[in-house]
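> Below you will find the structure I want to go over with you.
The values are calculated or read from the model by the stated rules, or taken from the named source; none is laboratory data. Source: prediction; values computed, not measured. Cβ sites come from the backbone with ideal geometry, for glycine too, and all protein chains shown count toward neighbours.
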Amino acid sequence: TVKDEELFGLPAEELLYRLYHEEVVEVFEPQTVSFFCGCSPERSGAALLLIPETEIDEILDEHKGSIDMQCECCGTHYFFNKEAINKLKQAQ
């Protein structure tokens, strides 16, 4: 129901009134937005340890001795080889 001219040309308050004039609409002060991802090597390693050991060994063999886990949120890669996985197991 909104035309391009209205969407890009009207102040936010007027546009909200036109769309929701039968409702009580409250406009809050703007806030800065920042990105935070809670991923870490420890969390990725803990997720890796949920996979059965035989399957981990198969993945290591298939991927030349290294497992690459990528965070779907921020894109960070975490690499685990057999030695790193053994250290994770010992730390449990």
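> Exactly one condition in (1) in contact with a His (Cβ under 6 Å, 6 or more places away or on another chain); (2) at pLDDT below 95 is false for ASP68; which is it?
(2)
> Can you say whether GLY9 is modelled with pLDDT of 90 or more and assigned by TED's automatic domain parsing to the domain that holds HIS77, as far as the supplied structure shows?
For GLY9, the condition - modelled with pLDDT of 90 or more and assigned by TED's automatic domain parsing to the domain that holds HIS77 - is not met.
> Identify all residues within segment 1-26 that are assigned to a loop (DSSP other than H, G, I, E, B) and surrounded by 10 or more Cβ atoms within 10 Å (Cβ to Cβ); write none if there are none. Please lay out each step first, then the result.
Just the residues of segment 1-26 that are assigned to a loop (DSSP other than H, G, I, E, B), to begin with: 1-3, 10-11, 21-26.
Answer for segment 1-26, where residues must be assigned to a loop (DSSP other than H, G, I, E, B) and surrounded by 10 or more Cβ atoms within 10 Å (Cβ to Cβ): VAL2, LEU10, VAL25.
> Still on this structure: Can you tell me which residues in segment 38-80 are loosely packed, with under 12 Cβ neighbours inside 10 Å, on the phi < 0 side of the Ramachandran plot and within 13 Å of the chain's Cα centre (by Cα)?
GLY38, GLU72, CYS73, CYS74, HIS77
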